[in-house]
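Peer 1: Before I ask anything, let me first share the structure, which is written out below as structure tokens.
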Amino acid sequence: MKPGGMAIVAGIIAIATLVAIAVDDMNLGPKIRAPEFPRDVTWLNSGTLTIAGLKGKILLLDFWTYCCINCMHIIPDLKRLETKYKDELVVIGMHSAKFYNEKDTENIRQAILRYGIQHPVINDRNFEVWQEYEARAWPTVALIDPDGYLVGVTTGEGIYESLDRLIAGLVKDYDARGALNHQPLQIKPEIDNLTIDSQLAFPGKIVADEKSGRLFITDSNNNRILIVAANGEVIKVIGSGAIGFEDGDFSTARFFHPQGLCYDAGNDLVYVADTENHAIRRVNLKSERVETIAGTGQQARLYNEEGIGRQVALNSPWDLILIGDALYIAMAGSHQIWILDTKTLEARVFVGSGRENIIDGPRKVAALAQPSGITTDGQYLYWVDSEASGVRRFRLNGPDAVETIIGVGLFDFGDIDGRYPQARLQHPIGITWHNGFIYVADTYNHKIKRIDPQSKEAITVVGTGKHGHIDGPALSAELYEPNGLCFLGGKMYITNTNNHRIRVYDSTTNMVSTLKLGGLERPSVTAKDLFIGEIKRLPPVEISKSIKSLTLKIELPAGMKINPQAPFRLEVVSSNPAAIAIGKYDNSFYENTIIIPIFAKSREAVLNANLDIGYCGIRNESLCYFRQARLEIPARVTKNGQKTLVAEIKVTN
């Protein structure tokens, strides 16, 4: 502990205890100046920053580690706050690694790209900042006022509402004194330098159908599912590629970073764990339709919030396996295994108390730790507990007991082959069963390991332990944070996530190769694809050259009104200004309507309206919300096209 640490803790009151207190009325005792950042740390998404140099800005420090599901859960809250207070607030990530692999700056950069983080991040690999601020858990956030003094700290999820009130109070107070810096912070997002020389983007899980010879792959950051032949030829693409939560046909359905999937050969269906939509989707390969069968689209806040179909809230489903009519779900966010009846759509907890740990015992008492992969041999459920670097199992028709095969504790990890309890893994994410053995994607060790479920012995079969992309003999080949794995035709197929490729291990030749995908377009990855909010794409419209404007109508939920005190931003852009150009406009509106000048010339373009809006209750002005929405209007200029264009942006709670 560094000098002054205890004084800091004594002077900080948790944010959670302050949410009902006006900022002007806070009684925090003596002010505690926020400790300055170390000079020798590595920065990502920006150059070197200092608290002194950010005077006049409200600072929000986010202590996180990229393996942590709870840290992932608050990213949308941080993005909402960054958007709402874009000129007053600076969020800075303090990446204080749990696992050895997470200390590497390049690995953190990959996580930043995967999660769409665009605020400055420090690689706090030696826990210097963590110790200065006396952080105790992931995630922890610390709020600092524009004078550089600590306002408060809190841990855990569900931070938006309390922080929103505190930040709004600070903005009001410091603005009144003329002490707030409204100049936007100049950053250097890693996304601007992103080049992916592959058709995939952070692929997640992979499963196979032996009979048809097909592979099913979640192309996670391209928000789509691929059906691929064993030779790499792409048969079908499921999903438009845009972030969203929409059912429909293969070209219009939208996902949000899907992970696990499984194939129902008897009914020609694919089930998908749509992870960041907190939903289970069902893909009918005959009708080529996607439907949501469980999940509200919002993260569950309780560990046992059971229910039916789209009425039940889920919590980061990461992988799934089908046995009969029962879909078993590795629910990473609640540290449980759930079961979904595919006929009745009833969803309930099957294994796990909701406590994060590695504790065996009866299935409802046992503690799990971020289960991220699940498989079966028909008798047992096997899963990997990523945060405990463990492999666990439960006999479906046997004693009511969860048993550990590999793993001994939340902070016991490494790269040691051998038998339980000496064997060690490091944050495994993928698992599959094949011919009497369990194969595990030992993700942070960049290896594939084979485990004998009888002797509980683990041995490395692929990988050197160094991250990279090298084919060749299995124990000389390099992987980069592998995630999913499956067998087809006697060969193992692996999603090599951070290299955006599929690798193939042939045990007969003991060689690793890279699968070449054919018939698949290489998507572009831009900051636009990282948008979080509601997206609506209108049917294509034909417009005349004589058209003068686009009228946008903003529809709010019943009983709500636009809050003139809240930030309001509307950005309208054309994908092809040479065809259809956008004229100058301001953000003033009358009766929730805005007129946007447009100049139609020829050909076609997509008009994109991006909206950030604050609104409150008509009768209860203390009930306020902030939302993002996007409207996409494909338009084509024709001789007989319409001379007026009216579109509606619908905002929902």
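Peer 1: Run down ALA135, ALA168, ALA111 and say which single residue is surrounded by 20 or more Cβ atoms within 10 Å (Cβ to Cβ) and part of a helix (DSSP H, G or I). Spell out the reasoning first.
Peer 2: Values: ALA135 fails: part of a helix (DSSP H, G or I); ALA168 fails: surrounded by 20 or more Cβ atoms within 10 Å (Cβ to Cβ).
The match here is ALA111.
Peer 1: Still on this structure, I have one more. If you go through segment 296-339 one residue at a time, how many are on the phi < 0 side of the Ramachandran plot, part of a loop (DSSP other than H, G, I, E, B) and in contact with an Asp or Glu (Cβ under 9 Å, 6 or more places away or on another chain)?
Peer 2: Final tally of qualifying residues: 6.
Peer 1: Restricting segment 154-199 to residues that are in contact with a helix residue (DSSP H, G or I) (Cβ under 8 Å, 6 or more places away or on another chain) and β-branched (Val, Ile, Thr), which is modelled with the highest pLDDT?
Peer 2: Applying the filter and picking the extreme gives ILE167.
Peer 1: Any residue that is within 23 Å of GLY295 (Cβ to Cβ) and crowded, with 19+ Cβ neighbours inside 10 Å - is there at least one of those in segment 149-159?
Peer 2: Taking every residue of segment 149-159 in turn, at least one turns out to be within 23 Å of GLY295 (Cβ to Cβ) and crowded, with 19+ Cβ neighbours inside 10 Å.
Peer 1: If you don't mind, there's one more thing I want to ask. In the set GLU88, GLU128, GLU82, which member is of a type in the set (Asp, Glu), under 18 Å from the mean Cα position of the chain (by Cα) and not assigned by TED's automatic domain parsing to the domain that holds ALA388?
Peer 2: GLU82
Peer 1: Just to be sure before I move on: is SER476 farther than 23 Å from PRO203 by Cα, hydroxyl-bearing (Ser, Thr, Tyr) and part of a loop (DSSP other than H, G, I, E, B) in the structure I sent? Show your work before the answer.
Peer 2: On the way: farther than 23 Å from PRO203 by Cα: no; hydroxyl-bearing (Ser, Thr, Tyr): yes; part of a loop (DSSP other than H, G, I, E, B): yes.
Considered against the rule, which asks whether it is farther than 23 Å from PRO203 by Cα, hydroxyl-bearing (Ser, Thr, Tyr) and part of a loop (DSSP other than H, G, I, E, B), SER476 comes out as no.
Peer 1: Restricting attention to segment 475-494, which residues are among the small types (Gly, Ala, Ser) and in contact (Cβ under 8 Å) with a residue 60 or more places away in the chain?
Peer 2: GLY484, GLY489
Peer 1: So in segment 296-316, with the set limited to residues that are touching a helix residue (DSSP H, G or I) at 6+ places or on another chain (Cβ under 7 Å) and farther than 19 Å from GLN370 by Cα, which one is surrounded by the most Cβ atoms within 10 Å (Cβ to Cβ)?
Peer 2: THR296
Peer 1: Select from segment 509-520 the residues that are part of a loop (DSSP other than H, G, I, E, B) and either among the hydrophobic types (A, V, I, L, M, F, W, C) or out of contact with any Gly (no Cβ under 7 Å at 6 or more places or on another chain) (or both) and write down the one among them that is surrounded by the most Cβ atoms within 10 Å (Cβ to Cβ).
Peer 2: Among residues in segment 509-520 that are part of a loop (DSSP other than H, G, I, E, B) and either among the hydrophobic types (A, V, I, L, M, F, W, C) or out of contact with any Gly (no Cβ under 7 Å at 6 or more places or on another chain) (or both), the one surrounded by the most Cβ atoms within 10 Å (Cβ to Cβ) is LEU517.
Peer 1: For segment 398-410, check the following and say yes or no: at least one residue is in a loop (DSSP other than H, G, I, E, B), touching a Ser or Thr at 6+ places or on another chain (Cβ under 8 Å) and buried (at least 22 other Cβ atoms within 10 Å of the Cβ).
Peer 2: yes
Here is a yes/no grid of residues against (1) buried (at least 24 other Cβ atoms within 10 Å of the Cβ); (2) aliphatic (A, V, I, L, M):
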{"residue": "GLY436", "(1), (2)": "no, no"}
{"residue": "ASP442", "(1), (2)": "yes, no"}
{"residue": "ASN445", "(1), (2)": "yes, no"}
{"residue": "THR460", "(1), (2)": "no, no"}
{"residue": "HIS469", "(1), (2)": "no, no"}
{"residue": "ALA474", "(1), (2)": "no, yes"}
{"residue": "PRO482", "(1), (2)": "yes, no"}
{"residue": "GLY489", "(1), (2)": "no, no"}
{"residue": "THR495", "(1), (2)": "yes, no"}
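Peer 1: Yes or no: segment 449-460 includes at least one residue that is within 30 Å of ILE196 (Cβ to Cβ) and small (Gly, Ala, Ser).
Peer 2: no
Peer 1: Working only within segment 121-132, note down all residues that are of a type outside the set (Lys, Arg), surrounded by fewer than 19 Cβ atoms within 10 Å (Cβ to Cβ) and in a loop (DSSP other than H, G, I, E, B).
Peer 2: Hits for segment 121-132 are ASN126, PHE127.
The values are calculated or read from the model by the stated rules, or taken from the named source; none is laboratory data. All values reported here derive from a predicted model rather than from experimental measurement. Don't worry about glycine lacking a Cβ; one is built from the backbone with ideal geometry, like all the others, and counts go over all protein chains shown.
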